[in-house]
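Student: Input: one structure, supplied below.
The values are calculated or read from the model by the stated rules, or taken from the named source; none is laboratory data. Computed from a prediction, not measured in an experiment: that's the story for all the values here. Here the Cβ positions follow ideal geometry from the backbone for every residue, glycine too, while neighbour counts run over all protein chains shown. The protein model used for the area step is the full one, side chains on, heavy atoms only, and it has no ligands, DNA or RNA in it. Shrake-Rupley method; radii C 1.70, N 1.55, O 1.52, S 1.80 Å.
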Amino acid sequence: MSTIAHAHPNIALIKYWGKESIERNIPSSPSISLTINKLTTRTSVRPINDGDRFLFGNEQVEDEKITRFLEFLRHTYAIPPIEILTENNFPTGAGLASSASGFAALVTALNEEFKLGLAQSEQSVLARMGSGSAARSIFGGIVSLEGPTWAAQVLLKQNDWPLDIVVAITDDNIKDVSSSVGMTMSKESSPYYDDWVKSSETDFKNARKYILQRNFDRLIEVAESNCLKMHAVMLSTLPSLFYWNPATVACIKQIRDLREQGIPVFFTIDAGAQVKAVCLPGTGENVAHILSQVPGVLRTISATVGEDAWIET
Ligand code: PMV
């Protein structure tokens, strides 16, 4: 007998990169994301007699982040030893927010299996302790994460603005430096870090306003600029964090060319080499076709805005 939960990853339109508190996993700046359907983590949880066991696909693995997370939960909740079996239908640890969907699915499953009775906003706070971006994957739609509660909130529901999303996969490998390690390095060494945090506050307020107005043209400006600023911080970190490859750059160029031709699309890139193209409803198919022909693009995934994390019945 086990409980199975599903959650989608999210792509950040306004990114967070840096923590105010590592211990409580509080971001240094607010963020906004789109929960993305098609990509899914499926996690099952069941109590077992011996110690915790974590299976990724068919393979038993050690995962320090999950071990620490369970330890944290057990300070408050009576959770017995468990087996966690998790699978992703997309590359893991490659800049596609697998930790976001992973921790969102895990919290959703634990809440159900052990009758914790947590509201979604409480689940969001718990998921954040596993991975900052996971707070946002508890919810579908377009989601914000800000203080003082640092529980994610829904700005627009799944069907309020059904944007198309095209993910151009340019590398299936696990990234060299994880987000948590990378953002700590940036805070310690990038000369641009403080300005990044300050300007993120403004970007967040503007992006929230444009999203509520469904003003795509203005959202393009703020989202692309916020993304490039985060990568400027990454590049100026010591040692430098360079997540892109030639195909990443070629996709950026192609998306800007498409826009020149009148196609409503913008790019965003998280800590990895994949490029996500966000398009007005109805334009994704064309954008996917064009991006799939960019040299170095391995394949594209066409998606739209996804739903809340859920329990499989
Ligand atoms: O909290 P993490 O480890 O999932 O880091 C998220 C970092 C970015 O994806 C680059 C930005 C974001 O807000 O999701």
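Student: About the Cα centre of segment 3-110, how large is the charge dipole given +1 on each Lys and Arg Cβ and -1 on each Asp and Glu Cβ? Please answer in debye to the nearest 20. Each step should come with its number before you reach the end.
Tutor: Details: 10 positive and 11 negative charges, 84 e Å.
About 400 debye.
Student: When a/c is below 1.5 the answer is rounded, else prolate if a/b is larger than b/c, else oblate, so apply that to segment 160-242 with a ≥ b ≥ c taken from the square roots of the Cα gyration tensor eigenvalues.
Tutor: Details: a/c = 2.88, a/b = 1.41, b/c = 2.04.
It comes out oblate by the Cα gyration axes.
Student: Which one, Ser199, Gly132, Ala104, is farthest towards the positive end of the dipole of segment 57-211 when Lys and Arg carry +1 and Asp and Glu -1 on their Cβ?
Tutor: Ser199
Student: Next question. Can you find, among Gly18, Tyr210, Thr92, the residue sitting farthest towards the positive end of the charge dipole of the chain, where Lys and Arg contribute +1 and Asp and Glu -1 at Cβ?
Tutor: Result: Tyr210.
Student: Jot down the radius of gyration and Dmax of segment 163-313, Cα atoms only, both in angstrom.
Tutor: That works out to 16.2, 50 Å for Rg and Dmax.
Student: Can I ask one more? Can you tell me how much longer the chain between Asp52 and Arg68 gets when fully stretched, taken as 0.36 nm per residue apart minus their C-alpha distance, in nm with one decimal?
Tutor: Values: separation 16, 0.36 × 16 = 5.76 nm, distance 1.18 nm.
The span from Asp52 to Arg68 would gain 4.6 nm if fully extended.
Student: Still on this structure, please answer the following. Take the solvent-accessible surface of the protein heavy atoms, probe 1.4 Å, and return the percent of it on the chain that carbon and sulfur atoms account for. Intermediate results must be reported in sequence, preceding the final value.
Tutor: Numbers: 6950 of 13530 Å².
Carbon and sulfur together cover 51 percent of it.
Student: Compute the normalised compactness of segment 9-96: alpha-carbon radius of gyration over 2.2 N^0.38 Å, N being the residue count.
Tutor: Values: Rg = 15.5 Å, N = 88, 2.2 N^0.38 = 12.1 Å.
Here the Cα radius of gyration is 1.28 times the empirical estimate.
Student: Modelled label-to-label distance, Asp160 and Met1, 7 Å Cα→beta-carbon offset: nm?
Tutor: Going from the Asp160 label point to the Met1 one covers 3.9 nm.
Student: Taking the Cα centre of the chain as origin, sum charge times position over the Cβ atoms of Lys and Arg (+1) and Asp and Glu (-1), and report the length of that vector in debye to the nearest 20.
Tutor: On the way: 28 positive and 35 negative charges, 126 e Å.
So the magnitude is around 600 debye.
Student: Shifting gears a bit: Between Ser240 and Asn173, what is the FRET efficiency for a Förster distance of 25 Å, r being their Cβ-Cβ separation, to the nearest 0.05?
Tutor: Values: r = 19 Å, r/R0 = 0.74.
With R0 = 25 Å, the Cβ-Cβ based efficiency is 0.85.
Student: Now for a separate question. With a Förster radius of 25 Å, plug the Cβ-Cβ distance of Asn89 and Glu23 into 1/(1 + (r/R0)^6) and report the FRET value to the nearest 0.05. Walk me through the numbers before you get to the answer.
Tutor: Numbers: r = 33 Å, r/R0 = 1.32.
E(calc), rounded to 0.05, equals 0.15.
Student: Test of the criteria: in segment 103-157, which trypsin sites (Lys or Arg not before Pro) are in a DSSP loop and have at most 11 other Cβ atoms within 10 angstrom of their Cβ? Walk me through the numbers before you get to the answer.
Tutor: On the way: sites: Lys115, Arg128, Arg136, Lys157; in loops: Lys115, Lys157.
Listed in order of number, the matching sites are Lys115.
Student: While we're looking at this one, here's another question. Between the helical axis of 193-213 and the dominant principal axis of the chain, each derived from Cα atoms, what acute angle in degrees is found, rounded to the nearest 10?
Tutor: It works out to around 80 degrees.
Student: Where the only charges are on Cβ atoms (+1 Lys, Arg; -1 Asp, Glu), what is the dipole of segment 137-245 about its Cα centre, to the nearest 20 debye? Don't skip to the end; give the middle numbers.
Tutor: Numbers: 10 positive and 14 negative charges, 74 e Å.
The calculated dipole for segment 137-245 is roughly 360 debye.
Student: Same structure, new question: Heavy atoms only, 1.4 Å probe, whole protein assembly: order Met230, Met129 by accessible area, highest first. Kindly include the intermediate steps, with their values, before the conclusion.
Tutor: On the way: Met230 5, Met129 45 Å².
Heavy-atom accessible area, descending, gives Met129, Met230.
Student: At 25 °C and 0.890 mPa s, what whole-number value in µm²/s does Stokes-Einstein give for the translational diffusion of segment 268-313, with Rh from the Kirkwood sum over Cα pairs? Could the numbers behind the result be given before it?
Tutor: Working: Rh = 12.6 Å.
Calculated translational D: 195 µm²/s.
Student: Related question: Which GluC sites (Glu not before Pro) in segment 10-66 pass both tests, a DSSP loop state and at most 10 other beta-carbon atoms within 10 Å? Working shown, then result.
Tutor: Numbers: sites: Glu20, Glu23, Glu59, Glu62, Glu64; in loops: Glu23, Glu62.
Listed in order of number, the matching sites are Glu23, Glu62.
Student: When a/c is below 1.5 the answer is rounded, else prolate if a/b is larger than b/c, else oblate, so apply that to segment 77-152 with a ≥ b ≥ c taken from the square roots of the Cα gyration tensor eigenvalues.
Tutor: Details: a/c = 2.00, a/b = 1.06, b/c = 1.89.
The shape class here is oblate.
Student: Here's a follow-up. When the Cα atoms of the chain are enclosed in a convex hull and the volume is divided per residue, what value in Å³ results? It would help to have the intermediate numbers written out before the result.
Tutor: Details: hull volume 39.5 nm³, N = 313.
Convex hull of Cα atoms, per residue: 126 Å³.
Student: Please report the spacing between the Cα centers of segment 64-90 and segment 91-169 in Å, no decimals.
Tutor: After rounding, the separation between the Cα centres reads 16 Å.
Student: Against the longest alpha carbon principal axis of the chain, how many degrees, from 0 to 90 and to the nearest 10, is the axis of helix 120-130 turned?
Tutor: That helix lies at roughly 90 degrees to the long axis.
Student: Sticking with this structure for a sec: Just how much of Leu70 is accessible, in Å², when a 1.4 Å probe is used and the result is rounded to the nearest 10?
Tutor: 10 Å²
Student: P(r) for segment 208-271, please, calculated from all Cα pair distances in 5 Å bins and given in %.
Tutor: 4, 16, 22, 23, 17, 11, 6, 2, 0
Student: Set Lys and Arg Cβ to +1 and Asp and Glu Cβ to -1, take the dipole of the chain about its Cα centre, and tell me which of Met1, Pro148, Pro27 lies farthest positive.
Tutor: Value: Pro148.
Student: Once you order the gyration tensor axes a ≥ b ≥ c over the Cα atoms, which shape class does segment 42-171 get: rounded for a/c under 1.5, otherwise prolate or oblate by comparing a/b with b/c?
Tutor: Numbers: a/c = 2.08, a/b = 1.29, b/c = 1.61.
It comes out oblate by the Cα gyration axes.
Student: Which angle from 0 to 90°, rounded to the nearest 10, does the C-alpha axis of helix 246-260 make with the longest principal axis of the chain?
Tutor: It works out to around 60 degrees.
Student: Using DSSP to call loops (not H, G, I, E or B), can you name the GluC sites (Glu not before Pro) in segment 217-313 whose Cβ has at most 15 other Cβ atoms within 10 angstrom?
Tutor: Details: sites: Glu221, Glu224, Glu260, Glu285, Glu307, Glu312; in loops: Glu307, Glu312.
Hits after loop and neighbour filter: Glu312.
Student: I want to check the label-to-label distance for Thr184 and Gln213. Put each point 7 Å from Cα in the C-beta direction and report it in nm to one decimal.
Tutor: Going from the Thr184 label point to the Gln213 one covers 4.1 nm.
Student: So, taking all protein chains as they sit and a 1.4 Å probe, how much accessible area belongs to Asp195, in Å² rounded to tens?
Tutor: 100 Å²
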